[in-house]
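Below: the structure, in structure tokens.
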Number of protein chains: 4
Amino acid sequence: MSEIGIGILGGGYMGKAHSVAMASVGAVFNTTLRPRLEMICASSSDSAERYRRAYGFARATDDWQTLVNDPLIDAVVIATPQELHRQIAEAALALGKPVFCEKPLGASLEDSAAMVTAARDSGVANMVGFNYIRTPASQYARALIAGGEIGEITWFRGEHTEDFYADPQAPATWRTSGMANGTMGDLAPHMINGALALMGPIARVMAEVETVHKNRPGGKVTNDDHAQMMVRFENGAMGAMYFSRIATGRKMGYAYEITGTKGAIRFDQEDQNALWLYRMADPDAERGFRKILTGPAHPDYEPFCQGPGHGTGYQDQIIIEARDFLRAIETGEAVWPTFRDGHEVNRVIAAGLGSARDQAWKNINDY
Amino acid sequence: MSEIGIGILGGGYMGKAHSVAMASVGAVFNTTLRPRLEMICASSSDSAERYRRAYGFARATDDWQTLVNDPLIDAVVIATPQELHRQIAEAALALGKPVFCEKPLGASLEDSAAMVTAARDSGVANMVGFNYIRTPASQYARALIAGGEIGEITWFRGEHTEDFYADPQAPATWRTSGMANGTMGDLAPHMINGALALMGPIARVMAEVETVHKNRPGGKVTNDDHAQMMVRFENGAMGAMYFSRIATGRKMGYAYEITGTKGAIRFDQEDQNALWLYRMADPDAERGFRKILTGPAHPDYEPFCQGPGHGTGYQDQIIIEARDFLRAIETGEAVWPTFRDGHEVNRVIAAGLGSARDQAWKNINDY
Amino acid sequence: MSEIGIGILGGGYMGKAHSVAMASVGAVFNTTLRPRLEMICASSSDSAERYRRAYGFARATDDWQTLVNDPLIDAVVIATPQELHRQIAEAALALGKPVFCEKPLGASLEDSAAMVTAARDSGVANMVGFNYIRTPASQYARALIAGGEIGEITWFRGEHTEDFYADPQAPATWRTSGMANGTMGDLAPHMINGALALMGPIARVMAEVETVHKNRPGGKVTNDDHAQMMVRFENGAMGAMYFSRIATGRKMGYAYEITGTKGAIRFDQEDQNALWLYRMADPDAERGFRKILTGPAHPDYEPFCQGPGHGTGYQDQIIIEARDFLRAIETGEAVWPTFRDGHEVNRVIAAGLGSARDQAWKNINDY
Amino acid sequence: MSEIGIGILGGGYMGKAHSVAMASVGAVFNTTLRPRLEMICASSSDSAERYRRAYGFARATDDWQTLVNDPLIDAVVIATPQELHRQIAEAALALGKPVFCEKPLGASLEDSAAMVTAARDSGVANMVGFNYIRTPASQYARALIAGGEIGEITWFRGEHTEDFYADPQAPATWRTSGMANGTMGDLAPHMINGALALMGPIARVMAEVETVHKNRPGGKVTNDDHAQMMVRFENGAMGAMYFSRIATGRKMGYAYEITGTKGAIRFDQEDQNALWLYRMADPDAERGFRKILTGPAHPDYEPFCQGPGHGTGYQDQIIIEARDFLRAIETGEAVWPTFRDGHEVNRVIAAGLGSARDQAWKNINDY
């Protein structure tokens, strides 16, 4: 058991989540490496100091280079605005320091490609923070599909829908401008990553992207409110995805339905401790979707809750990420999802934007 | 209260459903016109006689012209294979006899266009049998939307999914051949009609249509297993639809989700007595989708069940159709959905097939 | 196929339901006996005539003896106020005419005992109208339990809850007076019958019975608003039941949960086309309650709906009752539930009322 | 911000949960007092050392008195077998050290009474660990009821059901012996506490307690498998509760339904991020149970998840307990639930056991 000095860049929502995760992960998973909350960086020294005290870091800074270069920092977690992802990651990787970067990997396809290259060249651990897929339920779904339990897949439907901009009178803010903050930049990456994780690579895509409420109190809206895609996976399955920040009534509509020749799976993050499974092999009269509550029989559940049905929550997924990041650092082996996986997501997004613009199917391989 | 002689063409599933409906509708709705089960027509005299006895008709025939021309037949219900819809309807309309025709209206766009013309020229009552939309829940959904209760609509997702061909080993039959029997001909019309009824006209469409299991025991499959569409409604809303007969686990997946600026609606025919409604106007802490159980406060419920929650079933929707057909005959006024509505559905299907073939968006107005 | 003249006593809600059922049952089930709607009886000649026209009977009367004694009446359906059940049934049975009587069998234990005796002495078909248990879902639940599919039963919880008197300002009416109209007389019989049908005889009971809102606009309330029971079944299982007309939010809360050593069953009439089944035999990670949608694989479903998931409704259960009544008449064999079953329900109610009064467990055998 | 030395007694499931909570609570809630994981005590020095390393404590011991007496220990958390609760708590309180004790407070009514006295005499902070009630959903339910939002309560149904002993072949262990380990000692306290928290004091109770599977592989079973209660609350409401460890299919069946004159509430811990609310005030056609997903608008949600629908899990409830314990220590004010509340639960259990033995209602005030 040895200590590792953690530096976190960004003290907002995800910065806090990662701080809590780093404080908990050792006890939860009895990890070999034990994080030490060494330094936190925020945009001003005041806020940095405030985060330091709140989250229990030893030191604070308002300069990301100070943090990255500090000799007591062994690994960094990037939870800054997306524009900074690339330069911070490149600097840390150049110093041989492992990097965990929040999604989306880069604010553009160029950025994420550069980050993949930097990670490969550095040879150090790199991960990207697609957290929703890490529930015991979704991990179990992946295992069921990979094990052929629902047969050959014929159909996938995924969505990431929320309603924080459903009200047309909600004012314009930083979230209503900047490509990376629209649904294609902010919400789509989660479900596209989910689709790739569950189904494998996407071959081609045809999308629509739209700003529904073009004017809000306080200004014009310059990024998208919702978007949809028809997709074709490399395994031949047909699919559809929908992303929305104006999905009235949806709070965490990270949801998918997968149909196979031997069964089907349904999941909705709004009830994140349940996975619905249908099996053709059941006797006809007994067939039905089973509501399986996650428990010790499912991946990564027991470290949080000894008995079934206790339920894991959002923060627990972040702790799993911390566990995997520590494992990648310790073993030197790539742990899913790496920067490469984050870049794959960005390629699908780029192809989707292209298809929407040209009103034509686009092959992912052209991106 | 006066009697009306009913002739039903086709004695299979829908023929039976309409026979039961005609036997019940008077008592259920205390209709002014009272159906008399006068004659049933089937493909052989044996089966016709068997249906006659089973359903309680006075007479039977194996010749549709005999039925249509019989002087005691005042109105006809067409529940034959789709290829016959047009000629039977044209013959009956030419005689001034009201026609209720099962969906889809015609087996082709040409057929349904001709039927619309024949209906217009005859000036007699004509209806088409899109039954699922007639639950109290879906009728209430229509009323909510029409009344502006969920605001401006931004998104529609509909599906009609079943799994009767989910098993790749299910043998090839008449259902696996013939355009009209595939999902675009058999299932899509229901949900496209639903979309039109709930949302208004569709402006353009981009679809994929696929035969997944091209060979089944007993022969080749020549029609489609599933299909998806991206659509744009004339009111500006974006939408998606999916139709499948291989949707493992789905038994009656006639389901839709509609998002508006003031609320949202969800419905699934598998729980046909519930409508889910979300209202932005509720206080923040109390917002949630309400599971509204249909009852006397909703359209067409009380004639079946005095108290709320008793539940209407599939047959009740057919009885509502019979009630409306009688009303159209009695009043001489057009009652939704007329042949024109059936033709609208066929236009969307034709545009969808065109878009899938050309991999390009198609305008409905071009069809 | 031969005709049978049906007389229905009572034209209100249940009178209408049975009229519709008698008009439909022949076509639905292709019955050998075919009902002829011969005469309806109501409390005034005006209302009787109104019902006659509405439901399609040949004749009407305001005198129940006229109906019972009429030579064209072959069988009677009693849907009158409960006070009249006994005398009508006794008169009809004395004439050798089969009787279908709405629940509860008699307004008192004495009445139902007398009706059982009269039925036994007459030797003719007799049935009682516990309709909710007749859904395909509940019939399937009975079959699963009887077949040992969920093992030895350890626990039963049942309820029949509605909310038509939830509002304390709902005015006093005939329903708020008279033992038979309270929850123990009106709602409890349904679920007690359900418990007996699913679980077998009840051995002892301990109940509470309460009038919560003792005064309503318009007068005093003299019967019970809700009641609960702890029960012990003869098979050793422990159980609980709750009955309420003030169960805010419950529309048709006819619901039960049954636990066995090999599995469990859950049902709620508010989603009457689904049965939830849990099986210990499933692999640990896959265990969950399956939502089974009723379909052709389940009892009495296919005559209504050829495909699964279409859904049966309240009226369909009444048609099943009509089918069974015709079958009992035709075969001369007792068909569940007979008057004896209705009397069993009344014994449990009497024991329950006794236990509530004495605040002590009561054995059913003492009643 | 000042440090406080925490000692935890017991390193098993709850010991771990409290360790993780103490490591996280500062960052999550930005607490003034900051826990230092000072010492952990387990039954052997080996296991104590193992827990120390796993959870990150400074020191370990196998002697509870060593821990309690240590000068660096400022407060203790008792997560030992129940037999030890009293003596450890009394020792710590005598030293003026705040005590957080797992439920049930004492293994007997005598023990819990003594602990209440010791706490009162010491004047220091004391709490008891009823964790399930602390979800944002259940805290919101408490607030709704307390605020009169569902009117006068007429009915309460609660259960705590799990299935870890549903299989009759599950072997006898320590859990199948000892009063405190049966359902009345282990599961009932959670839901009885829930009932008291939601509804206020219970006035009287009538229970049944049963060992269904009296012999298991490995030995006799000497405590109860399941139990039920009819209760009357001091506010006049009628109620029922059920507790079971043989509830096949139930994983965390901590669930309640509460009926009031203006609305109703439903909750099930198996979907712990949802509260169902029905409001009579809604227009008739729109009434339905709303599935409210917890979010920032609900108690204690935002410190875990900024956005709605992300979902809190089991561990988060333990962190809330830690926050409240620190707050009680810091302010010197009693924070619910204190030892007194734990003792109230034990009184209801004692009355319930008495009523089951005597087959008669028991008043809580006699205990």
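Every residue, every condition in (1) of a type in the set (K, R); (2) part of a helix (DSSP H, G or I); (3) crowded, with 24+ Cβ neighbours inside 10 Å; (4) outside the structural domain of C:S244 (by TED's automatic domain parsing), yes or no:
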residue	(1), (2), (3), (4)
C:D111	no, yes, no, yes
C:I145	no, yes, no, no
C:G148	no, no, no, no
C:W155	no, no, yes, no
C:H160	no, no, yes, no
C:Q169	no, no, no, no
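Please specify each residue of region A:25-48 satisfying the condition of being surrounded by fewer than 23 Cβ atoms within 10 Å (Cβ to Cβ) and in a loop (DSSP other than H, G, I, E, B).
The answer is A:N30, A:T31, A:T32, A:S43, A:S44.
Checking the condition surrounded by fewer than 24 Cβ atoms within 10 Å (Cβ to Cβ), facing chain D (nearest Cβ under 10 Å) and in a helix (DSSP H, G or I), which residue from A:M14, A:M22 passes?
The match here is A:M14.
Does region A:272-282 contain any residue that is in contact with an Asp or Glu (Cβ under 6 Å, 6 or more places away or on another chain) and either facing another protein chain (nearest Cβ under 7 Å) or in contact (Cβ under 8 Å) with a residue 12 or more places away in the chain (or both)?
Within region A:272-282, none of the residues are in contact with an Asp or Glu (Cβ under 6 Å, 6 or more places away or on another chain) and either facing another protein chain (nearest Cβ under 7 Å) or in contact (Cβ under 8 Å) with a residue 12 or more places away in the chain (or both).
Inside region B:194-232, can you point out the residues that are in a loop (DSSP other than H, G, I, E, B), more than 9 Å from chain A (Cβ to nearest Cβ), touching a residue at least 12 places away in the same chain (Cβ under 8 Å) and under 27 Å from B:Q169 (Cα atoms)? Reasoning before the result, please.
Start the filter on region B:194-232 by keeping residues that are in a loop (DSSP other than H, G, I, E, B), which leaves B:200-201, B:211-214, B:217-218, B:221-225.
Filter again for more than 9 Å from chain A (Cβ to nearest Cβ), leaving B:200-201, B:211, B:214, B:217-218, B:221-224.
Adding the requirement that they be touching a residue at least 12 places away in the same chain (Cβ under 8 Å) leaves B:200-201, B:211, B:217-218, B:221-224.
If the condition is that a residue be in a loop (DSSP other than H, G, I, E, B), more than 9 Å from chain A (Cβ to nearest Cβ), touching a residue at least 12 places away in the same chain (Cβ under 8 Å) and under 27 Å from B:Q169 (Cα atoms), then B:T211, B:P217, B:G218, B:V221, B:T222, B:N223, B:D224 are the ones that fit.
Taking region C:16-37 as the region of interest, how many residues are in contact with a Phe, Trp or Tyr (Cβ under 7 Å, 6 or more places away or on another chain) and more than 17 Å from B:R52 (Cβ to Cβ)?
3
Looking only at residues in region B:279-323 that are part of a loop (DSSP other than H, G, I, E, B) and among the charged types (D, E, K, R), which one is surrounded by the most Cβ atoms within 10 Å (Cβ to Cβ)?
B:R287
Checking B:D186 against (1) more than 14 Å from chain A (Cβ to nearest Cβ); (2) over 15 Å from B:D224 (Cα atoms); (3) charged (D, E, K, R), which test does it fail?
Against the list (1) more than 14 Å from chain A (Cβ to nearest Cβ); (2) over 15 Å from B:D224 (Cα atoms); (3) charged (D, E, K, R), B:D186 comes up short only on (2).
Pick from C:L67, C:L72, C:L37, C:L33: which is under 21 Å from C:I318 (Cβ atoms) and more than 14 Å from chain B (Cβ to nearest Cβ)?
Of the residues listed, the single one that is under 21 Å from C:I318 (Cβ atoms) and more than 14 Å from chain B (Cβ to nearest Cβ) is C:L67.
Which of (1) in the same structural domain as B:T183 (by TED's automatic domain parsing); (2) out of contact with any strand residue (DSSP E or B) (no Cβ under 8 Å at 6 or more places or on another chain); (3) within 30 Å of C:G15 (Cβ to Cβ); (4) not hydrophobic (A, V, I, L, M, F, W, C) is the odd one out, the single condition B:R323 does not satisfy?
With respect to (1) in the same structural domain as B:T183 (by TED's automatic domain parsing); (2) out of contact with any strand residue (DSSP E or B) (no Cβ under 8 Å at 6 or more places or on another chain); (3) within 30 Å of C:G15 (Cβ to Cβ); (4) not hydrophobic (A, V, I, L, M, F, W, C), B:R323 is out only on (1).
Got at least one residue in region A:42-56 being away from chain D (no Cβ under 14 Å) and in contact with a Gly (Cβ under 6 Å, 6 or more places away or on another chain)?
Taking every residue of region A:42-56 in turn, at least one turns out to be away from chain D (no Cβ under 14 Å) and in contact with a Gly (Cβ under 6 Å, 6 or more places away or on another chain).
Keeping to region D:289-314, report how many residues are within 7 Å of another protein chain (Cβ to nearest Cβ) and on the phi > 0 side of the Ramachandran plot.
Total satisfying the criteria: 2.
Say we look at region A:324-363 and pick out the residues that are aromatic (F, W, Y) and in a helix (DSSP H, G or I); which of these is nearest to A:V25 (Cα to Cα)?
Looking at residues that are aromatic (F, W, Y) and in a helix (DSSP H, G or I), I get A:F325.
Out of (1) under 28 Å from D:Y301 (Cβ atoms); (2) among the small types (G, A, S); (3) buried (at least 22 other Cβ atoms within 10 Å of the Cβ), what's the single condition that is false for D:G332?
(3)
Just a yes or no: is a residue in region C:237-251 within 14 Å of another protein chain (Cβ to nearest Cβ), part of a strand (DSSP E or B), surrounded by fewer than 24 Cβ atoms within 10 Å (Cβ to Cβ) and among the aromatic types (F, W, Y)?
no
Go through C:I6, C:I78 for me and flag whichever is within 14 Å of chain B (Cβ to nearest Cβ), closer than 23 Å to B:Q306 by Cβ and either among the aliphatic types (A, V, I, L, M) or in contact with a Gly (Cβ under 9 Å, 6 or more places away or on another chain) (or both).
C:I6
Which condition number in (1) assigned by TED's automatic domain parsing to the domain that holds C:Y242; (2) at pLDDT 95 or above; (3) buried (at least 24 other Cβ atoms within 10 Å of the Cβ) is the one that C:A274 fails?
Condition (3) is where C:A274 drops out.
Out of (1) over 24 Å from C:I150 (Cβ atoms); (2) more than 12 Å from chain B (Cβ to nearest Cβ); (3) not aliphatic (A, V, I, L, M), the odd one out for C:E257 is which?
(1)
For residues that are in a helix (DSSP H, G or I) and touching a His at 6+ places or on another chain (Cβ under 9 Å), scanning just region B:129-143, find the one that is surrounded by the fewest Cβ atoms within 10 Å (Cβ to Cβ).
Taking region B:129-143 first, the residues in a helix (DSSP H, G or I) are B:132-134, B:136-143.
From what's left, touching a His at 6+ places or on another chain (Cβ under 9 Å): B:132-133, B:136-137, B:139-140, B:143.
On the way: B:Y132: 20, B:I133: 24, B:P136: 27, B:A137: 26, B:Q139: 20, B:Y140: 23, B:A143: 13.
Within region B:129-143, the match that is surrounded by the fewest Cβ atoms within 10 Å (Cβ to Cβ) is B:A143.
Does region C:140-162 contain at least one residue that is in contact with a Lys or Arg (Cβ under 8 Å, 6 or more places away or on another chain), of a type in the set (V, I, T) and within 24 Å of D:R250 (Cα to Cα)?
Yes, that holds for at least one residue.
Out of region C:348-365, which residues are among the basic types (K, R) and surrounded by 21 or more Cβ atoms within 10 Å (Cβ to Cβ)?
Scanning region C:348-365 gives a single hit, C:K362.
The values are calculated or read from the model by the stated rules, or taken from the named source; none is laboratory data. This is a predicted model, so every value here is computed, not measured. Here the Cβ is made from the backbone with ideal geometry for all residues, glycine too, and neighbour counts use every protein chain on show.
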